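Beneath this line is the structure, given in structure tokens, with notes to follow.
The values are calculated or read from the model by the stated rules, or taken from the named source; none is laboratory data. This is a predicted model, so every value here is computed, not measured. Note that we place each Cβ from the backbone using ideal geometry, even for glycine, and neighbour counts take in every protein chain shown. Each accessible area value is taken on the protein alone, full model and side chains, heavy atoms only, with ligands, DNA and RNA left out. Shrake-Rupley method; radii C 1.70, N 1.55, O 1.52, S 1.80 Å.
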Amino acid sequence: MQSPEPLLCIVGQTSAAAKVILRILQGCNSLQRLHKIHAHVITTGLQHHPAISSKLLHFCAISVSGCLSYAQLLFHRLQNPLTQDWNSIIRGFSDSPSPLSAIFYYNAMVSAASDSRPDTFTFSFVLKACERVKAQSKCKEVHGFVIRCGYKRDVVVCTNLIRSYAGNGLIWDARKVFDGMLERDLVSWNSMISCYSQAGFHHEALKIYNMMKNENVGLDGFTLVSLLSSCAHLGALNIGVQMHKIAREKGFVESVFVGNALIDMYAKCGNLDAALIVFDRMQKRDVLTWNSMIVGYGVHGRGDEAIYFFRQMINAGVQPNSITFIGLLCGCSHQGLVEEGVKYFYNMSSKFNIKPGIKHYGCLVDLFGRAGKLENALEVIRTSPTHEDPVLWRTLLGSCKIHKNVHIGEIAMRNLVQLGASNAGDCILLATIYIGVNNADGVARMRKMIKSRGIKTTPGWSWIEVGDQVHKFVVNDKSHPDTDEVHHKLREIIHGATLLGYVEEESPLITVPGFNNEEGCLGTSSCHSEKLAIAFGIARTTEGTCLRIVKNLRVCRDCHSFTKFVSKAFSREIIVRDRVRFHHFKEGSCSCKDYW
DNA sequence: TTAGGGTTAG
């Protein structure tokens with residue numbers, strides 16, 4: 001039989017015993033040992049000692065070697081749980097796989113007839129649980145109680161409220177809390193910036209940073225990472241370069257987080273050379289570092305280099321994840337590397353034990369489809385575990401447009417209709433295929449389908465950064481303050497491109513209102529957002545300056561041809577990031593080799 | 001005794 005714990009043997013009188021047990025608990029690092037201590041606590045009659053029971057509960061609820069169900073057992077044995085006991089159990093569950101239980105305990109605490117009232121810690125823990133379970137109304141209710149309890153000025157509780165609201169999709173409520181704070185520290189500023197960035201409000205994130213600069217709170221790696229992510233999404237290279245300079249000056253470039261965010265920013269802003277310089281200088285690299293390079297080369301259509309980095313990653317002993325393969329397959333697809341792409345798709349599960357997800361199947365369909373192997377693409381969808389996903393059929397329909405394949409295009413459309421997922425973009429894609437083969441009946445059917453369903457399209461927009469400002473242009477929209485100047489400049493540019501042979505392509509097709517949405521491009525494209533952004537860029541930058549444009553949709557055929565001519569006529573390098581990939585236009589040709 | 005912040009795909 002095992003001998004008892006030496007320290008437990010010396011337990012004598014109650015106060016001395018309590019002190020010893022508390023000391024033992026301090027150094028306790030396993031659940032097994034804790035069970036022994038608990039058994040001894042019971043035999044010595046100390047199970048109701050407040051400090052001991054709190055300590056035991058805290059250990060079980062919080063410690064990595066603890067156990068939440070055991071913590072629950074201990075909690076329910078407490079006759080009068082103190083606030084700190086409630087906090088332990090709420091905190092334990094808020095970090096656990098079942099955060100909803102944290103809310104149950106919070107509810108029980110609030111409704112219990114005891115003196116143990118919620119404090120700032122309780123609110124911090126329960127708000128975290130609200131964020132994790134997406135309990136929007138509970139978050140609002142807790143906020144109300146925070147105010148009634150007089151904690152509305154607590155900087156940590158307010159920061160938790162910001163995160164909880166934003167995590168529940170209530171970004172404007174988060175902002176109201178932020179605006180109402182009398183005192184803000186670096187963490188609260190960073191939280192507001194990261195909440196905006198994660199919710200896709202990138203301009204707002206940058207505006208908060210501008211406000212922050214006037215407050216003398218400084219910045220740190222957290223600030224930079226969120227801001228760089230927003231710059232990456234916006235394609236705001238100039239602002240990103242300023243962030244890089246600050247990171248160097250303040251000594252944050254050594255951080256893996258900052259390095260990764262810099263690589264991603266440069267890659268998404270179209271400057272892979274700068275991304276590579278950051279990568280080469282990094283002392284420490286993790287899976288995100290490699291992924292950022294692989295995805296970066298992938299979306300630029302440079303599959304060979306994506307494969308090179310993947311091999312280097314494996315040689316460096318870094319385990320790839322599902323995102324690695326998205327970058328790799330994307331690169332293979334855009335470069336037409338079918339065999340390599342197929343090999344990596346199968347290696348994912350066989351060599352790396354990563355189950356392909358819907359996105360990977362989408363990449364495989366795209367890989368075959370772009371290469372004209374439409375039957376193979378169809379087979380992939382039919383044999384995939386996710387064949388009922390409209391994304392795959394839509395990808396196939398896009399490939400049918402490239403290769404003017406009516407038969408498979410109609411199969412894809414039929415499946416989209418059966419799934420109840422067909423949208424205006426799909427109708428436009430199929431109509432474009434019909435146009436390509438002079439099928440007037442098909443075109444008429446698509447036009448009827450669009451009209452009868454009244455399906456809405458996504459308006460196309462483009463961003464262009466000039467100086468440290470990002471300007472947005474929307475198709476057929478005249479809201480930009482310099483719209484007259486832009487349209488005047490555009491006419492001049494079209495003239496210049498026409499002299500070199502550009503002919504504006506105008507579809508004979510559609511007069512359905514609201515269908516000049518860019519992608520699919522049925523109608524005149526002269527007001528497409530991309531052309532407006534190019535005109536603005538040429539008007540506002542010095543000769544020879546590279547233009548960088550970010551679009552929310554795919555580049556249409558006419559705009560692609562237009563941009564090629566403009567790059568030659570005006571000697572400008574124009575880098576366009578569309579919804580799927582990058583296009584580098586230079587001296588009249590595009591890096592995609594018209595294969596997109 | 002205890003609390004709040006970061007990057008890649010989509």
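At 0.36 nm per residue, minus the direct Cα-Cα distance, what do A:K19 and A:F257 gain on full extension? Give it in nm, one decimal, please.
Fully extending the segment from A:K19 to A:F257 adds 81.3 nm.
Note on exposure: A:R311, A:R184, A:R370 ranked by accessible area (1.4 Å probe, complete protein assembly) read A:R311, A:R184, A:R370, with the most exposed listed first. The label-point distance for A:D468 and A:E543, in a model that sets each label 7 Å from Cα toward Cβ, rounds to 2.9 nm. Note on A:V156 and A:I62: the model spin-label points, each 7 Å out from Cα along the C-beta direction, lie 1.0 nm apart.
Size descriptors for chain A: radius of gyration and Dmax over Cα atoms are 29.9, 101 Å.
A probe of 1.4 angstrom, applied to the heavy atoms of all protein chains, finds A:Y151 with accessible area near 70 square angstrom.
Taking A:I354, A:I450 and ordering them by how much accessible surface each has at a 1.4 Å probe, largest first, produces A:I354, A:I450. Other residues lying with their Cβ under 14 Å from the Cβ of A:T542 contribute a combined charge of 0, Lys and Arg counting +1, Asp and Glu -1. If the chain linking A:V110 and A:T386 were pulled fully straight, counting 0.36 nm for each residue of separation and taking away their Cα-Cα distance, it would gain 94.8 nm. Of the whole protein surface, A:D95 contributes about 90 Å² of accessible area at a 1.4 Å probe radius. Take the Cβ atoms of A:D273 and A:N238, set R0 to 22 Å, and the FRET efficiency comes out at 0.85.
What nm distance separates the two modelled labels at A:K373 and A:E249, each placed 7 Å from Cα along Cα→Cβ? So the label points at A:K373 and A:E249 sit 5.3 nm apart. Counting only protein heavy atoms and using a 1.4 Å probe, the accessible area of A:H495 comes to about 110 Å². Close amide-amide hydrogen proximity is noted between A:G460 and A:V475, each under 5 Å apart and 5 or more residues distant or on a separate chain (H modeled in the peptide plane; Pro and chain starts excluded). Measuring spread by the Cα atoms of the range A:181-292 yields a radius of gyration and Dmax of 13.5, 44 Å.
Rolling a 1.4 Å probe over the protein heavy atoms gives chain A an accessible area of 47 Å² per residue. Taking 0.36 nm per residue of sequence separation and removing the Cα-Cα distance, the A:R579/A:Q84 pair yields an extension gain of 173.2 nm. Since only A:G544, A:C590, A:Y106 are under comparison, the one whose Cα sits farthest along the positive direction of the charge dipole of chain A, derived from C-beta charges on Lys, Arg, Asp and Glu, is A:Y106.
The lysines within cross-link reach of A:K268, meaning a Cα-to-Cα straight distance under 19 Å and a gap of 8 or more places when in the same chain, are A:K245, A:K472, A:K551, A:K586.
If you roll a 1.4 angstrom probe over the protein chains with everything in place, what fraction of the accessible area of chain A belongs to carbon and sulfur, to the nearest %? Within chain A, the accessible surface is 53 percent carbon and sulfur.
How large is the translational diffusion coefficient of the range A:373-456 in µm² per second when you combine the Kirkwood radius over alpha carbon pairs with Stokes-Einstein at 20 °C and 1.002 mPa s?
Values: Rh = 12.7 Å.
Answer, rounded: 168 µm²/s.
Go through A:V470, A:V391 and list them by solvent-accessible area, largest first, probe radius 1.4 Å.
Numbers: A:V470 25, A:V391 65 Å².
Greatest to least solvent exposure: A:V391, A:V470.
Note that the range A:318-332 has calculated 3J(HN,Hα) couplings of 9, 6, x, 10, 5, 5, 3, 6, 5, x, 5, 5, 4, x, 4 Hz, one per residue in order, obtained from phi through the Karplus relation 6.51 cos²θ - 1.76 cosθ + 1.60 (θ = phi - 60°); glycine and proline are x. With contacts taken as Cα pairs under 8 Å and at least 6 residues apart, the range A:377-463 reaches a relative contact order of 24 percent.
Taking R0 as 51 Å, what FRET efficiency do you get between A:V417 and A:T483 from their Cβ-Cβ distance, rounded to the nearest 0.05?
Numbers: r = 39 Å, r/R0 = 0.77.
E between A:V417 and A:T483, to the nearest 0.05, is 0.85.
With just the Cα atoms defining each centre, how far is the range A:112-155 from the range A:77-101? Give it in Å. Between the Cα centre of the range A:112-155 and that of the range A:77-101, the gap is 14 Å.
Rounded to the nearest 0.05, what FRET efficiency is calculated for A:D220 and A:Q283 with R0 set to 25 Å and r the Cβ-Cβ distance?
Values: r = 19 Å, r/R0 = 0.76.
Computed FRET efficiency for A:D220 and A:Q283 comes out at 0.85.
Dipole magnitude for chain A: about 980 debye, using +1 per Lys or Arg Cβ and -1 per Asp or Glu Cβ, origin at the Cα centre. Put simply, the amide H of A:R548, placed in the peptide plane, has neighbours under 5 Å in A:E465, A:I575, leaving out anything fewer than 5 places away on its chain.
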